[in-house]
Amino acid sequence: MRVKLSKAVKMFFGNSSLEMVYFEAIANALDAGATKIDIDISAQDYSQPETLYISIQDNGIGFTDERFAKFSNLFDVDDSKHKGLGRLVFLCYFEKTVITSNYKDFYFRKFEFSDAFNGESEIIKNEDISTSETKLSLSGYTLTKLAQHSFIQPSFIKNRILEKFYSRLYKLKQSNIQIDISISATVNKITGTASLSTTEIPSFTPIQIFQPLDLFSNLQMYYHIEDAPMEASSVITAISIDDRTYPIDIIARENLPIGYKMIFLLFSDYFDGKIDAARETPSFPELEQVIKLFRENISKIINEKLPQITQINEDRKQKLINQFPHLNGYFEIENIGYASQEDLLKKAQDKFFKAQREILRAPHLTDEQFEQSLELASRTLTEYILFRQNTINKLKSIDKKDKESAIHNLIIPMREQFESKNFNKDLYRNNVWVLDDKYMTYDTILSDIEMTEVIKVITEGEAIEKDEAPPDIAMIFSGNPLDNNKKVDVAIVELKRKGLNTERNVDVETQLEKRARKLLKYYNNKIQQIWFYGVVEFDEDYELHLQSEYHKLYSNGKVYFRNKEISIELNSSEKLPMNICIMDFDALVLDADTRNSTFLNIIKSKFKS
């Protein structure tokens, strides 16, 4: 062998898995005409992979001189279905593989396949040999641990062998050749077994796939559908290449039909040899077109045989459109119920962005492009309104165990500052619209920053006393507060978690007035009006307290309002308006929900399907 094995292993099998050891041994056994294959596995414990030992024995024709010569030379193959590399996978996981084989004319061959293999073997003639057979004994596991315990569990190995060799076992069954595979594993003195036979391979229904372009010869799909218990539900969709089956993601896991066992296999002479060297990934330029044809024909069969699934997929389609109306018309409708929602959304979003780019790059808009630009603008606005709705839904889930910070971070991330010049960048992070959409016109927002910082924003940071009790959200809006020719309105919000008692809620009002005086005392020349919001949970005692001095406003929850003038300091006649709103959590969330839903219902009704 002219190639250094250790380098060849890394080059061709860098991303392999232990189960490929079974696949390669079984493929070689079937090539040798074996009808019986026995796999025996042992290990002291899953945590002791160094004790792993695997024996694979078959009744094929054995390592004849011709077969041994091919084994000894990489890339020595008879046809495009073979790569001449598979045996290297043994060296990915084991230091050595001892191979013994009985073959024609009473010969016995023995050799060790390791990195030092030089193409030589020991041959003995023994007239007591009456049957041909080959045994592979793999030992000296080279990795520090098993990637998955299931790799040495019989039931898992059986299912993986079945999935990998469905097409070949089906062909053998059609030729009336019975194959029996037994699997036994003893780990920590506990033995498990499993068996597989061509008698288990179901009958398939073949259909010819017709295509607009004559790229693939003899494209056929074989399928089998049967009722199955919920726990046994499964779907296999695979392409047959070189007599092995390779899974193709046609039906996403989230869409797997419950109560059915489905198998869809795609065959074509064109696929022969179209696989990478490690036999991991199909490799041909038309793969995407093949997958599209495969999915279309699977969809036809399911629609015909299982109309109830068709209805489920229709429901999925309506739900998707209702949830993401701005992408209606961009979804690949034929893939709903098969592709994952994430994939459907990504492709629809990509189409949406592409349409936006084309309009934005057009030097002049035709009448048709102008109409399209209006629709795209509506879709963009709807995308934002949908984001707002998700925020509202999260706020609705807040309960008494949640702290102020849970509410706070949904409205504005704590300890961050937002400025109007970064409006577009911060659009999906700053949710002050929950209070009122007018606050979308802010100039600056300070979130959970001490009152000192609020004052700095208004006055270029003069040195002042430090206020140790920061508001949860402080906002400066309606213009640039550093412009000497313009006064600003200021809004400050105090959030209190749900479930506080009356005394704690009353504290909100005291805090609000304290902040107002602090602001006005130092910077009254920059402030024309102050708005304070206290978001609390009401009880009967607290409402009775508010009713004596506040007016109740229209709302989906409870909102109490009063306007008062406050003095900047003692013995001063100078006063400034202060507007105080005390609202419950329902008023905050449900009023925002009502406003947002109105926008959404108006816009989404205008889209084309």
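Ordered by packing density, taken as the mean number of other Cβ atoms within 10 Å over each peptide's residues, highest first, how do 391-398, 432-439, 114-121 rank?
Output ranking for 391-398, 432-439, 114-121: 432-439, 391-398, 114-121.
R0 = 45 Å: FRET efficiency of Asn525 with Lys351, Cβ-based, nearest 0.05?
Given R0 = 45 Å and the Cβ-Cβ separation, E is 0.25.
Taking a threshold of 23 Å on the Cα-Cα distance, which of the pairs Lys421/Lys514; Lys487/Lys575; Lys526/Lys575 fall above it?
Cα-Cα > 23 Å for Lys421/Lys514; rest within.
Within the stretch 205-305, how many lysine pairs that are 8 or more places apart, or on different chains, have C-alpha atoms less than 18 Å apart?
Number of lysine pairs found: 4.
Please enumerate, by chain and number, the aspartates and glutamates with C-alpha under 15 Å from the C-alpha of Lys351, excluding those fewer than 8 residues away in the same chain.
Cross-link targets: Glu332, Glu342, Asp343, Glu375, Glu383.
How much net charge surrounds Phe418 when only other residues with a Cβ under 14 Å from its Cβ are counted (Lys, Arg +1; Asp, Glu -1)?
Taking every other residue near Phe418 into account, the sum is -2.
Show the residues, 5+ positions off or on another chain, whose built amide H is closer than 5 Å to the amide H of Lys96.
Result for Lys96 returns Ser139.
For the stretch 205-305, build the charge dipole from Cβ charges (+1 Lys, Arg; -1 Asp, Glu) around the Cα centre, then report which of Tyr222, Ile298, Ala238 sits farthest towards its positive end.
About the Cα centre, the residue reaching furthest to the positive side is Ile298.
Could you work out how far the C-alpha centroid of the stretch 276-336 sits from that of the stretch 403-425, in angstrom?
39 Å
How far apart, in nm, are two points set 7 Å out from the Cα along the Cα-to-Cβ line at Asn563 and at Phe423?
2.7 nm
Can you give me the long-range amide H partners of Val235? Hydrogens built in the peptide plane at 1.01 Å from N, cutoff under 5 Å, separation of 5 or more residues or another chain.
Result for Val235 returns Met262.
If you take the C-alpha gyration tensor of the stretch 205-305, multiply each eigenvalue by 5 and take the square root, what semi-axes do you get, largest first, in whole Å?
Listed largest to smallest, the semi-axes of the stretch 205-305 are 24, 16, 11 Å.
With a Förster radius of 60 Å, plug the Cβ-Cβ distance of Ser17 and Asn485 into 1/(1 + (r/R0)^6) and report the FRET value to the nearest 0.05.
0.25
Please report how far the C-alpha centroid of the stretch 542-581 lies from that of the stretch 85-152, rounded to the nearest whole angstrom.
When both Cα centres are located, 88 Å separates them.
Among 173-183, 337-347, 159-169, how do they line up by average Cβ neighbours within 10 Å per residue, starting with the highest?
Going by the mean number of other Cβ atoms within 10 Å, highest first, we get 159-169, 337-347, 173-183.
Only sites in a loop by DSSP and with at most 14 other Cβ atoms within 10 Å count here; which GluC sites (Glu not before Pro) in the stretch 508-590 make the cut?
Glu549, Glu569, Glu574
Calculated FRET efficiency, Ile207 and Asn176, Cβ-Cβ r, R0 25 Å, to nearest 0.05?
Efficiency for this residue pair is about 0.60.
Within 10 Å, count the other beta carbons around each residue, average over each peptide in 361-368, 253-260, and list them highest first.
253-260, 361-368
Considering the Cα trace of the stretch 313-361, what is its radius of gyration and what is Dmax, both in angstroms?
11.3, 37
With the crude spin-label approximation of a point 7 Å out along Cα→Cβ, what separation in nm comes out for Lys317 versus Glu334?
If labels sit at Lys317 and Glu334, their model points lie 1.3 nm apart.
So what is the relative contact order for the stretch 124-265, in percent, with contacts set as C-alpha pairs under 8 Å and at least six apart?
20 percent
Any idea what diffusion coefficient the stretch 14-76 gets from Stokes-Einstein, in µm²/s, Kirkwood Rh on alpha carbon pairs, 10 °C, 1.306 mPa s?
Calculated translational D: 117 µm²/s.
List the residues whose amide H sits under 5 Å from the amide H of Ala228, counting only those 5 or more places along or on another chain, with H placed 1.01 Å from N in the peptide plane.
Answer set, sorted by chain and number: Tyr260, Lys261.
Multiplying the sequence separation of Ser139 and Gln341 by 0.36 nm and subtracting their Cα-Cα distance, what value in nm do you get?
68.3 nm
Within 12 Å, Cβ to Cβ, of Gly259, how many net charges do the neighbouring residues add up to if Lys/Arg are +1 and Asp/Glu are -1?
Cβ neighbours under 12 Å give a net charge of -2.
How large is the Kirkwood hydrodynamic radius of the stretch 5-200, in angstrom, based on all distinct alpha carbon pairs?
Hydrodynamic radius (Kirkwood, Cα only) of the stretch 5-200 equals 17.4 Å.
Please list 3J(HN,Hα) in residue order for the stretch 344-351, calculated via the Karplus relation 6.51 cos²θ - 1.76 cosθ + 1.60 where θ = phi - 60°; whole Hz, with x for glycine and proline.
Along the stretch 344-351, the couplings run 4, 5, 4, 5, 5, 4, 4, 5 Hz.
Restricting to Cα atoms and excluding each atom paired with itself, what does the Kirkwood estimate give for the stretch 109-267 in Å?
It is 19.4 Å.
By how many nm would the segment from Asp115 to Thr191 grow when fully extended, if each residue of separation counts as 0.36 nm and the alpha-carbon distance is taken off?
Length gained, Asp115 through Thr191: 24.2 nm.
What is the distance, in nm, between label points placed 7 Å from the Cα along the Cα-to-Cβ direction at Tyr554 and at Asn601?
In this crude spin-label approximation the distance works out to 1.6 nm.
Every number here is computed from the coordinates shown, using simple stated rules; none is lab data. Note that the structure is predicted; figures quoted are calculated from it, not measured. Every residue, glycine as well, gets a Cβ built from its backbone with ideal geometry; the counts of neighbours run over all protein chains shown.
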